[in-house]
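The values are calculated or read from the model by the stated rules, or taken from the named source; none is laboratory data. Everything quoted here is computed from the prediction, not taken from an experiment. Positions of Cβ are generated from backbone atoms using ideal geometry, with glycine treated the same way; all protein chains shown enter the neighbour counts. Ligands, DNA and RNA are excluded from the accessible area calculation, which covers all protein heavy atoms including side chains. Shrake-Rupley method; radii C 1.70, N 1.55, O 1.52, S 1.80 Å.
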Amino acid sequence: MGAVLSSWVYNLLNVEAGEPALYNPNYILILDCCSAERSRTCKLVFKDPGDHRRSETRSKCTYSLGNLRLRMQVCSVCCVVLMVLQLQPSSAHNDFFTSIGQMTDLLYTEKDLVASLKDYIKAEESKLEQVKRWAEMLDSLTTTATQDPEAFVGHPVNAFKLMKRLNTEWGNVESLVLKDTSNGFISNLTVQRQYFPGDEDQIGAAKALLRLQDTYELDSNTISTGNLPGVRYKNPMTVEDCFELGKIAYTEADYYHTRLWMSQALRQLEEGEETSMEKVTILDYLSYSLYQQGEIERALDYTKHLLQLDPHHERSKGNLIYFEQQLEKQRKVGPAGQEGRSKEEAEAKREQTDPHPERKKYEQLCRGEGVKLTPRRQSRLFCRYYRSQNPFYLLAPVKQEDEWDRPYIVRYHNIISHSEIEKVKELALPRLRRATISNPITGVLETAHYRISKSAWLTEYEHPLLSNCRLQTMALGGQYEPHFDFGRKDEPDAFKELGTGNRIATWLFYMSDVSAGGATVFTDVGAAVWPKKGTAVFWYNLFPSGEGDYSTRHAACPVLVGNKWVSNKWIHERGQEFRRPCSLGEVDR
């Protein structure tokens with residue numbers, strides 16, 4: 001039933017910008033889009049060498065989305081930063097897709113909309129049978145989801161489909177309902193719409209799925225069926241979901257992932273899944289993505305198959321001739337190295353554009369493929385009780401566990417209680433904002449695709465629990481790029497405004513368990529530390545001489561399933577002069 005409804009909603013729309021303009025040597029494709037408050041119009045202009053023009057204008061009615069404005073306070077002395085490390089950045093609105101808290105709110109919003117929609121169905125059930133089936137499907141889904149919202153949206157497919165439903169499909173339902181009077185439902189939907197995610201949220205959720213697919217080397221069928229490690233709420237993807245994911249990759253000129261997801265959509269369609277998606281449309285995208293990946297012979301085969309289904313498909317007619325010409329040229333030059341280059345080229349392209357050259361090593365560590373300590377190094381790691389001279393620790397010593405030797409990373413068990421965790425989360429959640437980086441050229445703060453997060457700053461005066469710490473939460477595709485916690489020599493003013501000196505050491509508190517993914521990895525040494533609720537890890541960023549320890553470069557891996565909450569507390573130089581005296585050796589530990 002879900003496939004039928006999704007397909008039905010999809011067919012309500014005209015074909016929009018983003019449909020594949022397959023290469024035709026006789027035309028140049030120009031895409032012209034303009035935005036208005038309530039509509040978006042895209043014009044496809046085909047221009048030939050003789051400067052003759054033909055165009056077709058297609059439009060889809062959409063509604064402007066209101067922005068939730070979250071009040072934020074930033075303090076420089078004592079802070080808690082709440083970061084939701086998730087999907088692709090967006091500066092136009094509040095980036096719902098980057099926040100577990102906001103996505104769980106969306107589940108309740110969607111549940112409320114379902115209830116309103118069902119009231120409307122009772123009044124006009126005979127006329128709106130399709131809408132009734134839609135509501136019943138979402139009623140079941142949201143009832144299950146709201147039993148444990150964070151766990152539900154922790155599944156990447158659920159989060160993507162939540163973005164897709166609220167951004168695309170609910171708008172289509174609204175258009176259908178407007179054919180008749182329904183004041184109750186329309187009023188409720190209009191009020192709730194200001195809190196809906198937008199196109200950038202849906203695109204961001206899709207890109208998160210693609211990032212997870214690459215990082216954890218998942219095949220498309222595994223993601224589509226929802227068979228991920230540690231899942232509690234499995235929600236398979238439909239043909240339309242797979243097609244949408246491939247289409248988003250296509251608009252980003254990511255033909256590698258376009259091919260993967262159009263192939264998955266085609267596979268599910270051919271296996272008999274009920275859908276109104278046309279096979280011709282899927283083949284159209286698939287053949288072009290194969291051509292762009294250098295697999296011309298396969299692109300030609302799919303184009304021929306498409307023309308068997310639709311002999312009047314004009315674009316494919318032109319592509320058939322062009323592909324045959326290109327294939328003939330390829331055979332004359334020699335086919336060696338031409339086929340099967342898609343993944344290698346995609347990897348090469350990503351390495352060229354990725355600001356972090358250690359990406360490959362980072363992803364290996366995230367998958368648990370890190371450096372294995374030798375028996376001799378392993379023998380130096382111990383578990384112990386930490387008592388110190390503090391009377392509290394004499395009565396209740398803390399469990400210590402050595403995680404790594406160089407740099408020395410130690411884990412403290414049962415260091416923060418569940419009630420303390422919940423209180424800090426409660427204080428931080430209302431103040432979420434998207435994390436930014438400073439543009440090295442302009443100095444302007446901006447979002448970045450490799451640091452996807454939200455932040456909320458709190459002061460120590462708001463609650464006794466808060467003391468110079470930073471809270472982070474990571475969910476769908478959440479990641480934090482490899483970085484240093486200390487200020488380098490080329491950053492002499494990194495902490496000048498604070499007046500606290502450089503960061504000697506870092507505390508990292510794990511405030512949740514993670515079903516899959518979410519490790520903290522140290523890319524230079526090959527270490528990986530996995531989240532465990534109630535524990536904290538500690539390491540020194542500086543040598544006793546004050547020089548930075550570059551082996552502490554670390555990153556947060558994307559969360560595959562579940563949610564990750566962590567809190568940072570940095571120990572600065574000021575006030576530590578007698579606790580950790582300077583040494584004469586530059587790198588003495």
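Descriptive notes on the structure:
- Within the stretch 169-184, tally of residues that are modelled with pLDDT of 80 or more, under 32 Å from the mean Cα position of the chain (by Cα) and more than 18 Å from L106 (Cβ to Cβ): 0
- Test: residue in the stretch 231-238 that is assigned to a helix (DSSP H, G or I) and either open to solvent by less than 40 Å² (accessible area, probe 1.4 Å) or modelled with pLDDT under 95 (or both): no
- Residues within the stretch 288-299 that are closer than 15 Å to A249 by Cβ and open to solvent by less than 10 Å² (accessible area, probe 1.4 Å), tallied: 2
- Per-region count, the stretch 487-531, residues open to solvent by 40 Å² or more (accessible area, probe 1.4 Å), touching a residue at least 40 places away in the same chain (Cβ under 8 Å), within 30 Å of F152 (Cα to Cα) and part of a loop (DSSP other than H, G, I, E, B): 2
- Being in contact with a Pro (Cβ under 8 Å, 6 or more places away or on another chain), surrounded by 15 or more Cβ atoms within 10 Å (Cβ to Cβ) and in a strand (DSSP E or B) is a description that applies to L560.
- T552 falls short on exactly one of the conditions (1) farther than 21 Å from L498 by Cβ; (2) open to solvent by less than 10 Å² (accessible area, probe 1.4 Å); (3) β-branched (V, I, T), and that condition is (1).
- Screening the stretch 367-435 for helices (runs of 4 or more DSSP H) wholly inside it with 1 or more residues that are surrounded by 10 or more Cβ atoms within 10 Å (Cβ to Cβ) and at pLDDT 90 or above returns the ranges 375-378, 418-428.
- Checking the stretch 261-268 against the condition returns no match, with no residue being under 18 Å from the mean Cα position of the chain (by Cα) and either among the small types (G, A, S) or on the phi > 0 side of the Ramachandran plot (or both).
- Inspection of the stretch 244-266 finds no residue satisfying the criterion of being open to solvent by 20 Å² or more (accessible area, probe 1.4 Å), assigned to a loop (DSSP other than H, G, I, E, B) and aromatic (F, W, Y).
- Any hit, the stretch 220-229, residues being farther than 24 Å from T144 by Cβ and either in contact (Cβ under 8 Å) with a residue 12 or more places away in the chain or not in a loop (DSSP other than H, G, I, E, B) (or both): yes
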